[in-house]
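Step one of this worksheet: look at the structure below.
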Amino acid sequence: DQVLHIVPETLQQVQHLQHLCSTFLLDLWKPPLPEDIWAGEDLDIRVPAPLLQAVKDSLDQHMIPYKVLIHDVQELVDQSMPREMSSHRQTPEGYVYTQYHPMDKIYEWMTLIQENNRELVTQHYLGNTFENRPMYYLKISQPSDKTKKIIWMDCGIHAREWISPAFCQWFVKEILQNYESDAKIRRFLQNLDLYILPVLNVDGYIYSWETARLWRKNRSPHMNGTCYGTDLNRNFNSSWGSVGVSYNCSSEIFCGSGPESEPETKAVVQLIESKKSDILCYLTIHSYGQYILTPYGSTTEPPSNNEELMHVAQEAAAALMGKYGTSYEVGSTSLILYSNSGSSRDWAHMIGIPFSYTFELRDKGTYGFVLPADQIQPTCEETM
Amino acid sequence: IPAVGVKYYLHFTTEDYISGQNAGSCVATVLYLKNSRPAVNIKCLHTKDQNQIQDEDNRFHQQLRQQTKPIIANDIPDSHGNIDRALIPVWGLAVAGSSYVMFEKSTENLGYFMAQVKAVKQRIRKDNAAEFEFAVLLHETPTQKIDLCHIHVIWTLGHPLRVKYICASENHRLEDGSGMESGSASGILHEREGNF
């Protein structure tokens, strides 16, 4: 849109301009009404972009000189108003991390995080969900000429565990907000890249917001559309289908029609496989239970680096407890929880990623999956 | 214990469901037998003053009996974990009622948590008891199933809760097994009483 400045010289010109304004319903800035247009007086009109050429042609035809006062009205508007999201450096201003957000807001958030932190953050496409929604992860990386080791963290593999995506968002915010002030974070990022997938099971997450709060699986149909959903955390190729699963779609722990049968699983597998030699640590965030679980779920046989795995996890649990006194149990899934096969954590370790953990966040069953939003902050702070 | 079953010895602490405060500790033995319900022996040491508990119960009970309009509510907690302050004690009552159900349903390999109260409806009575109907979602582990149970509770002060319930999962089994017509009115209604 442009604003044209005209000073009509003759009555004829005034009449033509009045005609133009009423025909095109132009936005008169000065004077406000067409009947107040006078020869020798200033006339400022805003002309919408699609009509510009026609109006200018008409002015030329009638030999009415004009000047372009404003070349782009929108640009001026943008400059003069502090745009809600773009002014704050690190994180979108006004984004409330102590609330649960629906998927469309999380997509928006990812875009803004990248926009506001271009030097550190890039958003990457991982793949599509069953219902054809994009899966994105954020890569937080300090520019450098050396290849860095990677820490991968995914959240929201189970739809109803809302505290999990909330934690991923909180984590990203914390890292970016404190990057400048916290030397530890800077040192961290000197040698490590962080890959964060805020919502893995996008379709399921949306379903839990719109239809069934306690939905767990993804939304792929089976049995001619009479039954929906595979448990993505039983769908990985780690002793797939052997224990702690169901082969029946109606079960919440249905492992799918085969290992990696689900597009969500495939998308994650592809990326991690391609970078596995650089991935130091695989973290997958769930709720509830307050556990830090080590491999394996499919067998009680301890992993090769069990001592180190346990030691690190125990240190983490101790640090966590130091914050608010929350106690987390540490141990192998098959020993302290229950047997399950096809989990992403087991798979990550089996393909060679040395440190692989499942975090089960708050609580221990009081609120369970419907953890109140006022517990987001303490849960995230202690987990950090 | 060969040819008999498996016996577990437990020592655990308890906390107030609503406030999270330490409520004491218990020692228990649970004997899982082959063809009958487990045998439980339990002894607890309460930290909270029993008189205080009784006072709170009395007050709540009186409140319920003085209702002119029956309490009716849905989704406690809601999707975001919120509970109306006024409904917190009703939530507590639902937990108490559900615990009977969960006790009956659990086995050596199946455990439960109360995930959410989908609906609660009070029935005003003329006598000195409080009566409620709950629709409750139970989270079953390790199957991860969510079972919907209708729980009917009658609370007379100074007496244990009288609980009757029927869960959707059982209805299903009934249909599958005995070939009955679908129509859930004919399910097994369980009654449970006694010192819990």
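A:C380 fulfils the conditions (1) part of a loop (DSSP other than H, G, I, E, B); (2) under 18 Å from A:C155 (Cα atoms) except for a single criterion, (1). When region A:256-307 is filtered for residues that are assigned to a helix (DSSP H, G or I) and free of Cβ contacts under 8 Å to residues at least 12 places away in the same chain, the ones remaining, listed by number, are A:S274, A:E307.
Among the residues here, B:V30 does not qualify as over 16 Å from B:F134 (Cβ atoms), away from chain A (no Cβ under 12 Å), without any contact (Cβ under 8 Å) to a residue 24 or more places away in the chain and touching a helix residue (DSSP H, G or I) at 6+ places or on another chain (Cβ under 9 Å). From the list A:E161, A:E210, A:E174, A:E180, which one is over 24 Å from B:P142 (Cα atoms) and within 14 Å of chain B (Cβ to nearest Cβ)? Only one candidate passes the filter, namely A:E210. Would you say A:Y288 is within 24 Å of A:K364 (Cα to Cα), aromatic (F, W, Y) and under 23 Å from the mean Cα position of the chain (by Cα)? Criteria met by A:Y288. Of the residues screened, B:H80 is one that is over 21 Å from B:E15 (Cα atoms) and in contact with a helix residue (DSSP H, G or I) (Cβ under 6 Å, 6 or more places away or on another chain). Taking every residue in region A:369-384 that is more than 8 Å from chain B (Cβ to nearest Cβ) and pairing it with any residue that is assigned to a loop (DSSP other than H, G, I, E, B) and not acidic (D, E), at least 6 positions away or on another chain, the pairs with Cβ-Cβ distances below 6 Å are A:I376/A:T98; A:Q377/A:T98; A:T379/A:R362; A:E382/A:T326. Evaluate the following for B:T143: is it surrounded by fewer than 17 Cβ atoms within 10 Å (Cβ to Cβ), modelled with pLDDT under 95 and either part of a strand (DSSP E or B) or within 14 Å of chain A (Cβ to nearest Cβ) (or both)? No.
Just one of the listed residues (B:A28, B:A3) is outside any strand (DSSP E or B) and within 24 Å of B:K105 (Cα to Cα), and it is B:A3.
For region A:262-293, the set of residues classified as out of contact with any Lys or Arg (no Cβ under 8 Å at 6 or more places or on another chain) and among the hydroxyl-bearing types (S, T, Y) consists of A:T265, A:S274, A:S277, A:Y291, listed by residue number. Determine which member of the set B:S169, B:S182 is part of a helix (DSSP H, G or I) and modelled with pLDDT under 90. The match here is B:S169. The condition (being basic (K, R) and either at the interface with chain A (Cβ under 10 Å from one of its Cβ atoms) or in contact with a helix residue (DSSP H, G or I) (Cβ under 9 Å, 6 or more places away or on another chain) (or both)) is satisfied by just one residue among B:R125, B:R85: B:R125. Taking the criterion of being surrounded by 12 or more Cβ atoms within 10 Å (Cβ to Cβ) and of a type in the set (A, V, I, L, M), the residues of region B:11-54 that qualify are B:I18, B:A23, B:V27, B:A28, B:V30, B:L31, B:L33, B:A39, B:V40, B:I53.
The values are calculated or read from the model by the stated rules, or taken from the named source; none is laboratory data. Computed from a prediction, not measured in an experiment: that's the story for all the values here. Positions of Cβ are backbone-derived with ideal geometry, glycine not excepted, and every protein chain shown enters the neighbour counts.
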